[in-house]
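Let me begin by presenting the structure, written as structure tokens, before commenting on it.
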Amino acid sequence: MGCDSTRLSIQVKTILALETSCDETAVAILRGHKLLASEIASQIAEHEKHGGIVPEIASRNHLVHAPRLLEGATRKAKIEMKNVDACAATSGPGLASSLMIGASIAKGLATGLRKPYLAINHLEGHLLSPFFGGRDVNPNVSLIVSGGHTMLLRVDGLADYQLIGRTVDDAAGEAFDKVAKMLGFGYPGGPEIEKRAHNGDPNRFNLPRSMLDSENFSFSGLKTAVRYLLPKLEGDYVDDLCASFQQAIVDVLVRKTIAAAQKSDVDLVTVSGGVSCNGELRRQLSNACARHGCEFKCAETWLCTDNAAMIAFAALLRLQAGFESKVTEEIDPNLALA
């Protein structure tokens, strides 16, 4: 159910939020426009040993890090728990064993403090992050591109989202990580591919751009093409392959996003999610928007990877709009946004 949020006046409310959807443990405290604290504990080093996320290790580390981060956040924010107006947590999508940790802590705090609880969709946190700290959520076409998700949505206001297209197999970030693993890079692989692509020729290898005439995405074929190409390559090819692979993904994302914006008749395009940290994607999408007369707005890079600040912001907007969750609400690893 949607609500008119074209003009949202954010009252001074203090939100405590937790984000534990995958392998980052995060706590944030937001008071109105001002972020008082944002604490994040990364598990990259531990999961890198295994070449990807191990759910059991992730959930165990959430239990270790969450209490410390809560204490650190309240100390940094110089606030007592009793002065929090609402508690929020990511309720999905994500790893069930990880989601359960943050949601259980937030529910317990909300119950003990007798304050509202808000279950927040992780993807909504990303979707709203380009507007972080602002008062308006203007109509836009939103590209959310991360390790587990690649999707386009039409946004008409808070909680008023229409799905345009999504990946039918691998997400863009997943393709980055899998190709990086083929090349012997560490986890996560996206930043290393971007680094190597900077010195490469994006036109050397003709890699596929799948489903260009569809609103949905597919990156599995691109990943497979790289796998079959690698045994045939010799000499100095890594930088060029990284550049060609990255350009193939950027071409698809830019073309489909611009097409969706034109079809939806909106003049604002937003992008968020971990892969939106990629500088080439930002540059080419920004340029494409300028050519087609669209405003371009992207989340700040520190808001693109998993964090609790975006969850707090989404919770603040929802609280202000009159939304509230029941503490009996269950997590949903496959929670849909639209």
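So which of Asp267, Asp201, Asp213, Asp169 is in contact with a strand residue (DSSP E or B) (Cβ under 7 Å, 6 or more places away or on another chain) and surrounded by fewer than 20 Cβ atoms within 10 Å (Cβ to Cβ)?
Answer to the selection: Asp267.
Quick check: anything in the stretch 138-146 out of contact with any Gly (no Cβ under 7 Å at 6 or more places or on another chain), of a type outside the set (Lys, Arg) and surrounded by fewer than 23 Cβ atoms within 10 Å (Cβ to Cβ)?
There is at least one residue in the stretch 138-146 that is out of contact with any Gly (no Cβ under 7 Å at 6 or more places or on another chain), of a type outside the set (Lys, Arg) and surrounded by fewer than 23 Cβ atoms within 10 Å (Cβ to Cβ).
Say whether the condition of being within 18 Å of Gly134 (Cβ to Cβ), assigned to a loop (DSSP other than H, G, I, E, B) and in the same structural domain as Met151 (by TED's automatic domain parsing) is met by at least one residue in the stretch 285-292.
Checking the stretch 285-292: not a single residue is within 18 Å of Gly134 (Cβ to Cβ), assigned to a loop (DSSP other than H, G, I, E, B) and in the same structural domain as Met151 (by TED's automatic domain parsing).
Taking Lys297 and the conditions (1) under 25 Å from Gly165 (Cβ atoms); (2) in a helix (DSSP H, G or I); (3) more than 14 Å from the chain's Cα centre (by Cα); (4) in contact (Cβ under 8 Å) with a residue 60 or more places away in the chain, which numbered condition does it fall short on, given that it satisfies the others?
(2)
Only one residue in Arg154, Arg135 is of a type outside the set (Phe, Trp, Tyr), out of contact with any Cys (no Cβ under 6 Å at 6 or more places or on another chain) and surrounded by fewer than 20 Cβ atoms within 10 Å (Cβ to Cβ), so which one is that?
Arg135
Could you say which residue among Ala312, Ala259 is assigned by TED's automatic domain parsing to the domain that holds Thr20 and of a type outside the set (Val, Ile, Thr)?
Sole residue among the options that is assigned by TED's automatic domain parsing to the domain that holds Thr20 and of a type outside the set (Val, Ile, Thr): Ala312.
Restricting to the stretch 245-255, count the residues that are buried (at least 23 other Cβ atoms within 10 Å of the Cβ) and of a type outside the set (A, V, I, L, M).
Counting residues in the stretch 245-255 that are buried (at least 23 other Cβ atoms within 10 Å of the Cβ) and of a type outside the set (A, V, I, L, M) gives 2.
Could you pull out every one of the helices (runs of 4 or more DSSP H) wholly within the stretch 15-118 that has 2 or more residues that are aliphatic (A, V, I, L, M) and farther than 30 Å from Lys178 by Cα? If you could, list the steps in order and put the result at the bottom.
Values: elements: 44-48, 55-77, 96-113.
Because the criterion is at least 2 residues that are aliphatic (A, V, I, L, M) and farther than 30 Å from Lys178 by Cα, the helices (runs of 4 or more DSSP H) in the stretch 15-118 that meet it are 55-77, 96-113.
The values are calculated or read from the model by the stated rules, or taken from the named source; none is laboratory data. If you're wondering where the values come from, they're calculated on a predicted model, not measured in any experiment. Cβ atoms come from the backbone with ideal geometry, glycine included; neighbour counts cover every protein chain shown.
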